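Here the structure comes first, spelled out in C-alpha cells, and everything after it is commentary.
What follows is calculated from the coordinates using simple rules that are stated; it is not laboratory data. None of these values were measured; they are calculated from a predicted model. With ideal geometry, Cβ positions are generated from the backbone for all residues, glycine too; neighbour counts draw on all protein chains shown.
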Amino acid sequence: MAKLFLLRHLKSQWNDDDRFAGWTDGPIAKKESIKAIELAEKVFVNNIDVVYTSPLFRNQDTVARIFEAIDIKYPFFIHLDGGKMQRWGNYTDISENDVPAYVSEALNERYYGKLQGLNKKQVAEKYGEPMVHGWRRSYNFSPPGGESEKDVFKRTVPFFKKYIEKDSKLGKNILVVASHNSLRAVVKYIENISDEDIINLELPFGGLSEYEFDGKKYTKISIA
C-alpha cells in the first residue's frame, strides 16, 4: 500500500526563542542537525516518490537537511503557486536521483497576524493563557488580524485532495513537510477529528506520523 508521511519541520530559531513565527522566515536552530539524521533514517527506509512542502524556509530547509543526511537522492523544488502549476513531466532535467518537491503556500503555517514575532509567554501574560490557547489550537477562533484553524483547513485540505490524495491513489509514497497548523488541518481531515476535539491535537517539532493508504482511506501506522 502507498504510504503518507507527515513531518512537522525541525525547530526554528524563533521557535527556540518561543516567538510566534507564523509566515515569517528564520533559520533552523543549530541543535537540530542530529534530529535531521534521525528523521532521515526513519523516512528513507521507504522509497519516497514525491515531497510536498511550503515556501517557508524552515519547511524547505527541513526537506533539504533530511535528504542531505542520506546523500543518495536530492529534492528538486517545484513551485505550484503564482499561475505556474507545472507537474513533473514538464521538467526535462530531473534525473533518477532527484525527487520532485512541490511547494505551495497552501501548506503554510497559520498566519498569526499581530502576534507574529511576539514572545508567546508575554502574549499569554497580556491576554491570558486560555485566550491564547484558543487562538493557537481551537478551530474557530483567530488571533488578532490572523487566521483561525478553520481558515487554515479551508486552504490546506482542498490542496491536499487535489494533489496529495491524488498521488496516494496513484500508489506513490509521499512525504509532506509542513508547519504545525497546516498539518493539524490535514490530520483533522484524514482522521475525521471533530471541530471540538482538534484543540487537543499537538504535533511536536520534527514529529513524524506514518499512514498507509488502501485506495480509499488513510490508516495511521505510527507516530514519533
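General remarks:
- Alpha-carbon Debye profile of the chain, log10 I(q)/I(0) at 0.18 Å⁻¹: -1.41
- Computed log₁₀ I(q)/I(0) - Debye formula, equal Cα scatterers, no solvent, the stretch 173-224, q 0.14, 0.15, 0.27 Å⁻¹: -0.36, -0.41, -1.30
- Cα-centred dipole magnitude for the chain, charges only on beta-carbon of K, R (+1) and D, E (-1), debye, nearest 20: 400 debye
- Charge tally around Tyr127: other residues with Cβ under 15 Å, Lys/Arg +1 each, Asp/Glu -1 each, net +4.
- Under 23 Å of direct C-alpha separation, and excluding same-chain neighbours fewer than eight residues apart, Lys120 reaches these lysines: Lys11, Lys30, Lys31, Lys150.
- Highest GNM mean-square fluctuation among Tyr163, Tyr139, Tyr111, for the chain modelled with Cα contacts below 10 Å: Tyr163.
- Cβ charges +1 (Lys, Arg) and -1 (Asp, Glu), total dipole of the stretch 1-125, debye: 440 debye
- Sum of side-chain charges, Glu149 neighbourhood, beta-carbon under 14 Å (Lys, Arg +1; Asp, Glu -1): +1
- Protection proxy ranking of 100-109, 17-26, by the mean of other Cβ atoms within 10 Å over each peptide's residues and highest first, is 100-109, 17-26.
- For the stretch 121-180: rounded, prolate or oblate by the Cα gyration tensor [a/c cutoff 1.5]: prolate
- Net charge contributed by nearby residues that have their C-beta within less than 12 Å of Thr219 (K/R +1, D/E -1): 0
- Taking the stretch 172-194 and a reference point 7 angstrom along Cα→Cβ of Thr219, the backbone N atoms nearer than 18 Å belong to 172-174, 190-192.
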